[in-house]
Amino acid sequence: MKTSDKKAWLEQPANVDKLVYLVYLICGVLLVAEFFYEKHPYFGFDGSFGFYAGFGFLAYCTIVFSAKALRRVLKRSEDYYGE
Amino acid sequence: MANDWLMNPALLMMLAGLLAIRLPTKLLGPLAVVTPALGLLMLCQLPNGEQGIVSLYGLTLTTLRVDGLSFVWAVIFHIAAILAGLYAWHVKDRMQQSAALVYAGAAIGAVLAGDLLTLFLCWELTAISSVLLIWANRTARAYTVGLRYLVIQVISGLLLMAGAIVHYQATGSLAFDHLGLDSPGGWIIFLAFGIKCAFPLLHNWLQDAYPEATATGTVVLSAFTTKLAVYALARGFAGEDILITIGAVMTAFPIFFAVIENDLRRVLSYSLNNQLGFMVVGVGLGTELALNGAAAHAFAHILYKALLFMSMGAVLLRVGTVKASELGGLYKSMPWTTLFCIIGGMSISAFPLFSGFVTKSMILTAAAAEHQWLVWTVLLFASAGVLDHSGIKVPFFSFFYHDAGHRVKEAPWNMLLAMGVTAFLCIAIGVWPEPLYAILPFPVDYKPYTSYHIITQLQLLMFAALAFCVLIRKGWYPEEIRSTNLDFDWVYRRLLPAVVKKLLAWMWRLDSAVRAVVMKAVHAVIEKVAQSHGPGGVMSRNLSTGTMVSWLSVFLALYLFFSFYW
C-alpha cells in the first residue's frame with residue numbers, strides 16, 4: 001500500500017523513542033504521586049514506598065525470564081505431535 | 001402452572017438451534033442474534049424462585065431456578081450469545097450456527113437447573129454441541145483435536161452423573177445446592193466441575209481445543225463451558241478452602257506458557273485459564289464480597305475475553321493465521337480491529353475505566369480481608385502477567401512490532417459491529433459499574449474508584465509496561481518463534497501412548513516366548529506321535545485282511561485244541 005520511502009509514523013525510531021519516554025514520564029509521575037495520597041494498605045508491606053511500582057516491574061521481569069528458561073525445556077518443533 | 005417448564009429461555013435457544021438446520025442460510029445470522037435477545041427478555045420476565053417442576057420416574061426435577069446467582073450468569077450468557085451471533089452473522093455453515101445456538105441454550109439451561117439430573121443433561125449437551133464448532137473446520141487436525149476434547153468433556157459429564165447417583169443414595173435428594181466436600185459424591189462432582197473449569201493438570205483440553213475451532217467458533221467456546229463450571233463451583237462448593245489454593249495456582253502457572261506461546265489464540269486460552277483462577281479464588285473464599293467478585297469478574301471476563309478472541313478471529317479470517325511469528329504491522333490494514341483489541345487488552349489488564357478494574361479488585365480485596373496475604377500476592381503477580389500476555393503481547397505482536405507485510409481488508413461490518421458493541425460494554429462497565437453491581441448475588445458495598453486503588457493499580461501496570469519497554473529494547477524479550485511447547489497434555493498425547501505401546505510390545509514378546517515354549521512341547525509330542533503313527537510306525541502298519549483272517553484261524557485252532565484236550 002505504502003510505496004514511498006517514508007516510513008509510517010510508528011515505525012520511525014525517533015517516534016518509538018518518544019513513546020518509550022512517555023512511559024518513563026508516566027512512571028515518574030506515578031512515583032511522585034506516592035507523596036500525595038492517603039494509603040490504605042491491607043497488610044503493611046503493601047504500604048511501603050513504591051511497593052506496587054517495584055512489584056509490577058520485578059514481577060514482569062521474573063515472568064519473562066522464567067518463561068525464557070522454561071522455553072529451553074519445553075520447546076519442540078512445530079509438528080512435534082505430527083497432527 | 002403445569003407447563004411452566006416450557007417457559008425456559010434455554011429451550012428457546014435449543015429449538016432455534018434445531019430450526020437452523022432447515023432455515024434458509026441468509027436467515028441464520030438474524031436467527032442467531034434475535035433468539036438470544038428474545039431469551040433475555042424472557043429471562044427478565046421470569047419470577048424469582050423455583051419453577052418448571054417436572055416429575056420423571058418418581059424424581060422431581062427443577063428445570064428452572066432464578067435467583068441471585070443464576071440470574072447474573074444467565075444474563076451474561078444471553079449477552080454473549082447475542083454478541084457471538086452478531087460476530088458470526090456472515091457464517092452460512094448450518095453446522096456452526098445450529099451448534100452455537102444449542103450450545104448456548106445448554107449452558108443457559110445448566111445455569112438455570114435446580115437439580116443435578118437437569119444439570120447433567122445440559123452439561124453433556126454443552127459438550128456434544130460445542131465439539132461441532134471445532135469439527136466445523138473440517139480438517140483432519142480439527143477432527144483429532146475435537147475428539148480429544150469430546151472425550152474429556154464426556155468424562156466430566158459421566159463423573160457428574162456418577163457423583164449425582166452417589167449423592168442421591170446418600171442424601172435422597174437431587175437438589176443442586178451447596179454440596180461440599182465431606183462426602184464421596186461431593187468429591188466426584190467436584191472433580192467433574194474441576195475438569196470443565198480447567199483446574200491445573202486437568203486444563204489442557206482448553207489450550208488444545210479452543211485455538212483449533214473456527215474463527216467465530218472460538219468466540220462462542222470462550223464464553224460458556226468454563227464459566228458454567230465456575231457457576232457450578234459457586235453453587236456447590238462456595239467457601240471450600242481447597243479452591244483458594246487451586247485458584248491461586250491457576251492464576252499463576254498459565255502466564256509462563258502464554259509468554260512463550262506463538263499461536264495467539266492459544267495465548268488467549270492460557271490467559272482464559274489464568275482469569276478463571278481469579279474466579280475460583282473468589283469462590284473458594286466464599287464471602288459475600290468474594291462471591292460477588294467471582295460473579296462480576298465472570299461477567300466482565302466473558303465480554304473482554306470474547307472481544308480479544310473476536311479480534312484474533314478477524315485476523316485469522318483476513319490473514320489466515322494468528323501465529324505471532326507471521327504477524328506484525330496489521331494496524332495499517334485493520335485499524336478498527338486494532339483499537340478493539342487494545343480495549344480488550346486494557347480491560348483484561350484492569351486499567352482504570354475498563355471493566356477488569358471494577359471486578360478483579362473485588363476478589364483481591366476479599367482475599368486481603370480474609371488475611372490471605374500469600375494468595376493476594378500471587379494474584380497481584382498474576383495481574384502483572386495478564387498485562388504481559390493479553391495486554392501487551394497479543395496486540396503488540398499482531399498489530400505492531402515488525403511489519404510482516406500483510407495488506408488485507410479490515411474485518412467485515414458485522415464483526416466490527418460485534419467488537420464495537422463488546423468494547424463499548426467493556427468500557428461502560430468500567431466507567432459505570434453500578435448496573436452490574438446491582439444484579440450481583442449479594443448487596444454490594446464496594447467502591448472501586450478510590451485514589452489509593454487507582455494510583456496503585458496504575459503503578460503496577462505502568463511499571464510492568466516499563467519493564468516490557470526495557471526488555472524489548474534490550475532484546476531480552478523472548479522472540480516469537482514457531483514451536484510447540486510441551487504442557488501436561490504431553491502425558492496423554494505422548495507418554496501414555498508410548499507407555500501403552502511399550503507395554504503391548506512387551507506383552508507381545510512375552511506372548512511369543514510363552515508360545516515358543518508351548519509350541520516346542522507340542523512339536524515334541526507331535527514328533528513322538530508321528531514316530532509311532534507315521535508311515536512305517538508301529539501303529540500305522542498296513543495289515544491286510546488276509547493276515548487278520550489267518551490269525552483268527554490260528555486262534556480258533558488253538559481254542560479247538562484246548563477245548564478237546566484240556
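Coupling constants for the stretch B:246-254 follow from the phi torsions by the Karplus curve (6.51 cos²θ - 1.76 cosθ + 1.60, θ = phi - 60°), and in residue order they are 4, x, 5, 4, 4, 6, 8, 5, x Hz; glycine and proline get x. Other protein chain C-beta atoms within 10 Å of residue C-beta, averaged over B:380-387: 5. Among the listed pairs B:Lys196/B:Lys393; A:Lys39/B:Lys393; A:Lys18/B:Lys409; A:Lys68/B:Lys474; B:Lys305/B:Lys393; B:Lys227/B:Lys360, those whose Cα-Cα separation exceeds 20 Å are B:Lys196/B:Lys393; A:Lys39/B:Lys393; A:Lys18/B:Lys409.
Counting, for every residue in B:256-266, the Cβ atoms of other protein chains within 10 Å of its Cβ and taking the mean gives 3. Remark: the stretch B:107-118, residue by residue, has Karplus-estimated 3J(HN,Hα) of 5, 5, x, 5, 5, 8, 5, x, 9, 6, 6, 4 Hz, where x stands for each Gly or Pro and the curve is 6.51 cos²θ - 1.76 cosθ + 1.60 at θ = phi - 60°. With a Förster radius of 25 Å applied to the C-beta separation of B:Leu201 and A:Glu83, the computed FRET efficiency comes to 0.70.
Using the charge dipole of chain B (Lys, Arg: +1 at Cβ; Asp, Glu: -1 at Cβ; taken about the Cα centre), state which of B:Gln51, B:His533, B:Met13 has its Cα farthest towards the positive end. Working it through, the farthest residue towards the positive pole turns out to be B:His533. Residues B:Lys393, B:Lys92, ordered by accessible area of protein heavy atoms at a 1.4 angstrom probe radius and largest first, appear as B:Lys92, B:Lys393. Comparing Cα centroids, the stretch B:191-245 and the stretch B:129-175 end up 12 angstrom apart. Once backbone amide H atoms are built at 1.01 Å from N, B:Lys323 has B:Leu264 as its partners under 5 Å, excluding neighbours fewer than 5 places away on the same chain. Computed about its Cα centre, the charge dipole of the protein assembly as shown is approximately 2340 debye, with only Lys, Arg, Asp and Glu carrying charge at their Cβ.
In a simple Cβ point-charge model (Lys, Arg +1; Asp, Glu -1; nothing else charged), chain B has a dipole of about 2060 debye relative to its Cα centre.
Note on B:Tyr449/A:Leu58: beta-carbon distance plugged into 1/(1 + (r/R0)^6) with R0 of 22 Å gives a FRET efficiency of 0.25. Neighbours of B:Lys502, meaning other residues whose beta-carbon lies under 15 angstrom from its beta-carbon, give a summed charge of +2 when Lys and Arg score +1 and Asp and Glu score -1. Between B:Leu353 and B:Thr245, the distance separating the two model label sites (each 7 Å from Cα on the Cα→Cβ line) works out to 4.3 nm. Placing +1 on the Cβ of every Lys and Arg and -1 on the Cβ of every Asp and Glu, with no other charges, gives the stretch B:74-196 a dipole of roughly 620 debye about its Cα centre. Across the stretch B:316-333, rounded Karplus estimates of 3J(HN,Hα) from the backbone phi angles (6.51 cos²θ - 1.76 cosθ + 1.60, θ = phi - 60°) give 4, 4, 7, 9, x, 8, 10, 7, 4, 5, 9, 10, x, x, 6, 4, 6, 8 Hz, Gly and Pro being marked x. If R0 is 35 Å, the Cβ-Cβ spacing of A:Arg76 and B:Ala404 corresponds to a FRET efficiency of close to 0.90. Per the accessible-area calculation with a 1.4 Å probe, the total area buried between chain A and chain B rounds to 5500 Å². Entry note, chain B: the mean residue ellipticity at 222 nm calculated from DSSP H runs of n ≥ 4, each adding -39500 (n - 2.57), is -23500 deg cm²/dmol after division by the residues and rounding to the nearest 500.
Quick check on chain B: take the gyration tensor over C-alpha atoms, sort the square-rooted eigenvalues as a ≥ b ≥ c, and tell me if it's rounded (a/c under 1.5), prolate or oblate. Prolate is the answer for chain B, as a/c is 1.5 or above and a/b outweighs b/c.
Modelled spin-label separation between B:Leu15 and B:Ala505, with each label point placed 7 Å from Cα along the Cα-to-Cβ direction: 5.9 nm. Taken along the Cα-to-beta-carbon direction at a fixed 7 Å, the label points for B:Thr547 and B:Arg473 span 11.3 nm. How many angstrom lie between the Cα centre of the stretch B:249-267 and the Cα centre of the stretch B:52-108? Here the two parts' Cα centres lie 29 Å apart. Dipole orientation for chain B: of the candidates B:Leu147, B:Met415, B:Met279, B:Leu147 has the Cα lying most toward the positive pole (charges on Cβ; Lys, Arg +1; Asp, Glu -1). One chain, two ends: B:Ser325 and B:Ser532. Fully extended at 0.36 nm per residue, the span grows by 66.6 nm beyond their Cα-Cα distance. Across the stretch B:2-71, C-alpha contacts under 8 Å between residues 6 or more apart give a mean separation that, scaled by the residue count, equals a relative contact order of 35 percent.
Each Cα pair under 8 Å and six or more residues apart adds its separation to the average, and for chain B the resulting relative contact order is 13 percent.
The values are calculated or read from the model by the stated rules, or taken from the named source; none is laboratory data. The structure displayed is predicted, hence computed values, not measured ones. FYI the Cβ positions are ideal-geometry reconstructions off the backbone, even for glycines, and counts take in every protein chain you see. Each accessible area value is taken on the protein alone, full model and side chains, heavy atoms only, with ligands, DNA and RNA left out. Shrake-Rupley method; radii C 1.70, N 1.55, O 1.52, S 1.80 Å.
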